[in-house]
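Only one structure is covered here, and it is reproduced in the block below.
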Amino acid sequence: RNILIINGPNLNLTGTRKPEIYGSTTLTQINERIARHASEKGLTCNFYQSNHEGAIIDKIHEARGVYAGVIINAGAYSHYSYAIRDAIEAVELPFIEVHLSNIFARDEFRSKSVLSAVCRGHISGFGADSYLLGVEALALVLDKQAA
Ligand code: DQA
């Protein structure tokens, strides 16, 4: 089974952007860890990062029929993009929402994600490990689906 990992705006800067909040591991390094963890779970993964809302929406549309599920960190779009929310809802795939930081412990505007309600679940606050927990969660969801 193949899964897709989508990272939204500014996440390409992970490792150097506010390391005290987002950690000093780069996105490339995080992706290597995700791939290793996923393969232990019998999953293969593809990675996509974009700073553009429409490009992320196109990628979500293309995921239908290609991937078993998606892990998404939509960055700041998580807080206000109804367009990404609608795209997630439209493709009817299991999405796991992840965030590096604990979005509930920061600025008020970050404490709401408009994506959470259309995702199967939400993981935030564990740094790069949030993605590994996301893989874990998606693997469990897919196993239940197959059973
Ligand atoms: C983030 C949290 C968002 O509020 C922020 O805009 C990001 C990263 C996280 O992974 O912690 O870009 O999604």
Considering (1) assigned to a helix (DSSP H, G or I); (2) over 13 Å from PRO9 (Cβ atoms), say which one ILE56 fails and leave the rest. (2)
Provide a single number: the residues in the range 72-86 that are surrounded by fewer than 23 Cβ atoms within 10 Å (Cβ to Cβ) and more than 10 Å from the ligand (Cβ to nearest atom). 6
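Given the structure, is SER50 buried (at least 20 other Cβ atoms within 10 Å of the Cβ) and more than 21 Å from ALA137 (Cβ to Cβ)?
Spelling it out, it is not the case that SER50 is buried (at least 20 other Cβ atoms within 10 Å of the Cβ) and more than 21 Å from ALA137 (Cβ to Cβ).
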Being in contact (Cβ under 8 Å) with a residue 24 or more places away in the chain, over 15 Å from the mean Cα position of the chain (by Cα) and exposed (fewer than 15 other Cβ atoms within 10 Å of the Cβ), is that true of even one residue in the range 30-39? no
Considering only residues of the range 1-28 that are free of Cβ contacts under 8 Å to residues at least 60 places away in the same chain and part of a helix (DSSP H, G or I), which is nearest to ALA128 (Cα to Cα)? LEU27
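Which residue, of VAL91, VAL70, VAL66, VAL118, is touching a His at 6+ places or on another chain (Cβ under 8 Å) and touching a residue at least 12 places away in the same chain (Cβ under 8 Å)?
VAL91
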If we scan the range 129-147, do we find a residue that is within 19 Å of LYS18 (Cα to Cα), among the small types (Gly, Ala, Ser) and in contact with a Gly (Cβ under 7 Å, 6 or more places away or on another chain)? no
Return the only residue of ILE60, ILE103 being within 12 Å of the ligand (Cβ to nearest atom) and hydrophobic (A, V, I, L, M, F, W, C). ILE103
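Bear in mind these aren't lab numbers, they're just calculated from the coordinates by the rules spelled out. The model shown is predicted, which means the values in this text are computed figures rather than measured ones. Because the Cβ atoms are built from the backbone with ideal geometry, glycine has one as well, and the counts that use them run over all protein chains shown.
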